[in-house]
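Heads up: the structure comes next, in structure tokens.
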Amino acid sequence: MQNEAKIKPDEELSPELYHIAREKGTEKPFVGKYWNSHKQGVYKCAICDSELFASDAKFDSGTGWPSFTDPVNLEKIELKEDLSGGMKRTEVVCKKCKAHLGHVFDDGPQDKGGKRYCINSACLMLEKT
């Protein structure tokens with residue numbers, strides 16, 4: 001299939017991206033390339049190029065990770081229960097390539113639906129508009 005050909009093989013991922021996307025790791029806060037970015041565009045999956053989040057849904061959550069109020073299309077992501085680390089969270093996964101992206105929380109801006117999609121910069125590529 002042509003779409004599947006766009007998924008980068010694990011061997012081509014940087015050690016950081018592999019750790020986060022495949023081993024469900026996380027990057028340190030306030031160091032990722034997009035945590036404080038204000039550039040306009042669409043944030044795509046760094047592994048399969050799926051459009052995930054629009055820059056107009058991005059907000060400063062004060063957490064040190066890129067935060068979004070909602071995805072471009074809920075069909076592009078999967079939400080899974082995550083009980084790791086002694087916490088109950090909801091994991092955000094890219095539906096196309098199954099990459100762990102981050103987590104979604106219910107402490108986002110209430111006027112935008114109350115969600116905070118907390119996503120690792122390493123899993124994203126910004127296509128500027």
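Taken together, the values in this text are just the output of simple stated rules run on the coordinates, not laboratory data. Note that the structure is predicted; figures quoted are calculated from it, not measured. Please note: Cβ atoms are built from the backbone with ideal geometry, for glycine as well, and neighbour counts cover all protein chains shown.
The value of relative contact order for the stretch 52-129, using C-alpha pairs under 8 Å at least six residues apart, is 26 percent.
Subtract the Cα-Cα distance of residue 40 and residue 14 from 0.36 nm times their separation in residues, and report this length gain in nm to one decimal. Going from the current span to full extension adds 6.8 nm. Highest GNM mean-square fluctuation among 28, 88, 96, for the chain modelled with Cα contacts below 10 Å: 88. Taking a straight line from the alpha carbon of residue 80, these lysines sit under 19 Å away, with near neighbours fewer than eight places off in the same chain left out: 24, 88, 95, 96, 98, 115.
Legend: calculated FRET efficiency, residue 98 to residue 129, from the Cβ-Cβ distance at R0 = 25 Å, rounded to 0.05, equals 0.35. Note on the chain: helix-only mean residue ellipticity at 222 nm, from DSSP H runs of 4+ residues weighted -39500 (n - 2.57) and normalised by residue number, equals -2000 deg cm²/dmol.
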